[in-house]
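The values are calculated or read from the model by the stated rules, or taken from the named source; none is laboratory data. The structure presented is a predicted model; accordingly, all values stated were derived computationally and were not measured. Cβ sites come from the backbone with ideal geometry, for glycine too, and all protein chains shown count toward neighbours.
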Ligand SMILES: Cc1cc2nc3c(=O)[nH]c(=O)nc-3n(C[C@H](O)[C@H](O)[C@H](O)COP(=O)(O)OP(=O)(O)OC[C@H]3O[C@@H](n4cnc5c(N)ncnc54)[C@H](O)[C@@H]3O)c2cc1C
């Protein structure tokens with residue numbers, strides 16, 4: 001059978017892969033995108049109605065230039081598909097003065113000259129009565145924050161990719177990638193393809209095709225819940241901002257105003273850090289999941305503490321330092337690794353797609369991505385860790401994830 005030939009093959013069509021095929025096709029590159037499930041499935045990381053986006057990045061102000069570009073690219077995509085994908089609501093970041101979320105947001109805003117309002121408990125209660133703050137807590141409002149609609153945004157990227165000539169295959173699983181004649185051979189459960197460059201954007205499944213990341217890119221389970229508000233006025237879109245809340249030792253929580261019919265959505269960042277086998281179906285939501293979110297909403301967002309109307313399970317792919325990895329594989333520069341984003345990658349997907357298109361076409365990007373390199377990851381892992389990124393096996397085959405350690 002003849003192998004179809006492409007400039008670039010993108011494996012995985014979640015948030016990152018969809019954006020990569022869109023940017024590549026827009027540049028006239030002959031690209032195929034291959035996804036093992038159907039479009040917008042729930043066995044990955046990119047479903048669940050809403051994702052926060054904000055500019056004053058408490059995690060590290062170094063992300064801010066990429067965020068500016070991400071906002072611009074989201075607006076370009078909206079213009080192309082004539083659909084609302086990004087809604088500005090403001091994002092309120094709550095915690096005690098000195099905590100990372102509060103201080104980090106203020107530092108990033110100051111460094112990059114971004115607007116913000118610092119509110120004490122009384123001011124926050126007047127402006128945003130949906131939230132319950134302790135007397136010694138403050139809230140930083142970032143007016144340019146808001147939320148993205150992940151399903152609509154991913155679908156929009158796939159639509160423009162298709163319109164620009166990308167070939168998109170769903171329900172086709174990539175089994176292995178192997179160097180071949182100066183390019184790569186991509187074997188699926190249905191066919192074989194050849195591509196000059198392969199982008200692996202397989203999210204929680206990444207170690208199946210990039211075994212160098214086994215035990216390094218770790219998939220964990222996250223559960224979010226939707227609650228019918230007790231106070232529909234103060235939780236309405238337009239009155240209640242998106243939020244992040246530092247709870248000290250108990251971690252941090254995030255949430256959204258009422259979007260559509262389903263009520264206020266909340267989740268805990270990294271949930272119980274429960275490591276999962278990505279190949280296994282999502283485990284059902286259990287009593288501990290529900291109790292965590294119900295307790296939080298009753299204490300901290302009482303205006304939304306009505307009946308719970310639904311829960312969803314999703315996955316984070318965690319890296320040491322909770323950072324990203326976007327780089328060519330040191331042992332095989334024809335392979336670009338794109339996915340692990342430690343649970344905060346969606347907002348960047350529109351710029352990650354651009355970076356992946358840069359790397360796949362020119363081998364480099366003018367955007368600031370050194371912090372997301374294998375070299376940087378090896379430094380975070382410590383001495384000798386770069387040995388793990390040595391020459392890859394001739395062919396990689398999906399393997400069973402080893403027994404996960406107990407989630408902690
Ligand atoms: C509950 C939750 C809340 C979040 N909140 C935020 C937020 O507020 N803001 C934010 O910026 N980020 C947030 N994130 C993180 C963000 O959603 C993820 O970083 C992002 O969606 C990851 O996209 P991805 O393309 O890497 O992975 P995915 O969307 O999972 O895509 C990977 C795709 O690869 C496919 N695939 C895997 N293996 C193969 C194979 N062998 N062959 C073919 N296809 C394959 C999978 O089926 C999947 O569709 C959140 C994540 C979760 C789970």
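Condition test on residue 295, is it within 30 Å of residue 232 (Cβ to Cβ) and without any contact (Cβ under 8 Å) to a residue 12 or more places away in the chain? In short, yes.
Rundown of residues vs (1) within 15 Å of the ligand (Cβ to nearest atom); (2) under 18 Å from residue 341 (Cβ atoms); (3) surrounded by fewer than 21 Cβ atoms within 10 Å (Cβ to Cβ), yes/no style:
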position: 15; (1), (2), (3): yes, yes, no
position: 22; (1), (2), (3): yes, yes, no
position: 25; (1), (2), (3): no, no, no
position: 60; (1), (2), (3): yes, yes, yes
position: 70; (1), (2), (3): yes, yes, no
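Scan region 146-202 for residues that are within 12 Å of the ligand (Cβ to nearest atom) and modelled with pLDDT under 95 and the total you get is 0.
Check 287, 274, 279 and return the single one that is away from the ligand (no atom under 16 Å from the Cβ) and not assigned by TED's automatic domain parsing to the domain that holds residue 378. Can you show your working first?
Working: 274 fails: away from the ligand (no atom under 16 Å from the Cβ); 279 fails: away from the ligand (no atom under 16 Å from the Cβ).
Every option except 287 fails the conditions.
Filter region 337-354 down to the residues that are within 6 Å of the ligand (Cβ to nearest atom) and farther than 11 Å from residue 51 by Cα and list them by number. Passing the criteria: 339, 341.
Annotation: residue 78 fulfils all but one of (1) away from the ligand (no atom under 15 Å from the Cβ); (2) under 26 Å from residue 170 (Cβ atoms); (3) out of contact with any strand residue (DSSP E or B) (no Cβ under 7 Å at 6 or more places or on another chain); (4) assigned by TED's automatic domain parsing to the domain that holds residue 227; the unmet one is (3). Of all residues in region 189-218, those that are on the phi > 0 side of the Ramachandran plot and assigned by TED's automatic domain parsing to the domain that holds residue 34 have Cβ atoms under 9 Å from Cβ atoms of residues that are surrounded by 21 or more Cβ atoms within 10 Å (Cβ to Cβ) and at pLDDT below 95, 6 or more apart or on another chain, in 203/339; 203/340; 203/341. Residue count for region 110-140, restricted to those that are surrounded by fewer than 23 Cβ atoms within 10 Å (Cβ to Cβ), in contact with a strand residue (DSSP E or B) (Cβ under 8 Å, 6 or more places away or on another chain) and closer than 14 Å to residue 57 by Cα: 3.
Take the conditions (1) more than 10 Å from the ligand (Cβ to nearest atom); (2) surrounded by fewer than 24 Cβ atoms within 10 Å (Cβ to Cβ); (3) farther than 16 Å from residue 63 by Cα; residue 322 misses just one of them, which is (3).
Only a single criterion out of (1) over 24 Å from residue 375 (Cα atoms); (2) touching a helix residue (DSSP H, G or I) at 6+ places or on another chain (Cβ under 8 Å); (3) within 16 Å of the ligand (Cβ to nearest atom) is not satisfied by residue 304, namely (3).
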